[in-house]
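Contents: one structure, followed by commentary.
The values are calculated or read from the model by the stated rules, or taken from the named source; none is laboratory data. Every value quoted in this text rests on a predicted model; they were computed, and no experiment measured them. Positions of Cβ are generated from backbone atoms using ideal geometry, with glycine treated the same way; all protein chains shown enter the neighbour counts.
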Amino acid sequence: MNDAKLARIRALLDNAESYAEQGNKEAAETYRNKAIELMAAHGVEEAMLSARTHKDEKPIRRDIPLTKPYTVDKGVLMYGTARALGVQCIRTKGNPPHSVLVGFESDLERVEVLYTSLLVQAFGELAATPPPRYESTVSFRKAWLIGFTNTVVDRIEAAEQRARGEYEQRTGSSTALVVQGRSKRVDAEFRTYFPRVRKGRKRYAHSASGYASGKDAGERADIGGAKVDDRQTTEINRGKA
């Protein structure tokens, strides 16, 4: 990712983290959405540029530790973020446990930047969301994280699809074959490390209120058309976002 674009995306995510920690959920969503849009657009441009210039780029492996607490929940967020951005991912046991990512370097960078920020935002909002008195705190929080993850991943996937459509409309070039080709190369490289992968169990939320609250945190604003107030627009124009 070029330095200027990466700096802008990081600035947007930094603002999202700051607002999430302050409890300003709407502002956090606004900045989160804008960052996801820019990241998706850049991912498409990078993939198409690589295809046009016959860049000899190969998928690589990267290991990311998963820290306590809520190790499994963090792994699920990593997995969803990675898959939505064209990267294969598997959670392995170890001390500490970690996620193994396999993908093109530009996509791995997008995953790490976005996952790290989403993690901070999620736990910032979760800390400011008390569970109902009649519910277990752990059950509520785990359900909240499932709702948040499912919704955010859906939004990332939608942003990726939207970015491809906008690129095709703007340039007249199809992205389908390039995306398919990169996906096959990533899958082949992933199988060299993990030829026999056991599918994980589907995770269920045991707190309806926790899931609903987390889902609401993930879908509060429209990624494609979030409105930004005058103060936020000024910050974006100044390069703070």
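Laid out as a table, the results:
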| read-out | value |
| --- | --- |
| Residues of segment 48-73 that turn out to be under 22 Å from Val100 (Cβ atoms) and in contact with a Phe, Trp or Tyr (Cβ under 9 Å, 6 or more places away or on another chain), as a count | 7 |
| Failed criterion for Trp144 (all others in (1) in contact with a Leu (Cβ under 7 Å, 6 or more places away or on another chain); (2) closer than 27 Å to Leu49 by Cβ; (3) of a type in the set (Phe, Trp, Tyr) hold) | (2) |
| Odd one out for His98 among (1) closer than 24 Å to Ala176 by Cβ; (2) in contact (Cβ under 8 Å) with a residue 24 or more places away in the chain | (1) |
| Pairs, first closer than 14 Å to Glu166 by Cα in segment 39-53, second buried (at least 18 other Cβ atoms within 10 Å of the Cβ) and of a type in the set (D, E, K, R), C-beta under 6 Å, six or more apart | Met39/Arg110; Ala40/Glu160; Gly43/Arg110; Val44/Arg164 |
| Test result for Pro96, surrounded by fewer than 14 Cβ atoms within 10 Å (Cβ to Cβ) and not basic (Lys, Arg) | yes |
| Total residues in segment 16-35, condition surrounded by fewer than 23 Cβ atoms within 10 Å (Cβ to Cβ), of a type outside the set (Asp, Glu) and in contact (Cβ under 8 Å) with a residue 12 or more places away in the chain | 5 |
| Count of segment 67-87 residues which are buried (at least 21 other Cβ atoms within 10 Å of the Cβ) and without any contact (Cβ under 8 Å) to a residue 40 or more places away in the chain | 3 |
| Candidate set from segment 14-36 (those that are touching a helix residue (DSSP H, G or I) at 6+ places or on another chain (Cβ under 6 Å) and under 26 Å from Val179 (Cα atoms)); member that is modelled with the lowest pLDDT | Arg32 |
| Selection count, segment 59-97, where residues are among the aromatic types (Phe, Trp, Tyr) and farther than 21 Å from Lys184 by Cα | 1 |
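For every residue, the table says whether it meets (1) surrounded by fewer than 18 Cβ atoms within 10 Å (Cβ to Cβ); (2) of a type in the set (Lys, Arg).
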site	(1), (2)
Lys142	no, yes
Val153	no, no
Ile156	no, no
Arg162	yes, yes
Tyr167	no, no
Thr171	yes, no
Ala176	yes, no
Glu189	yes, no
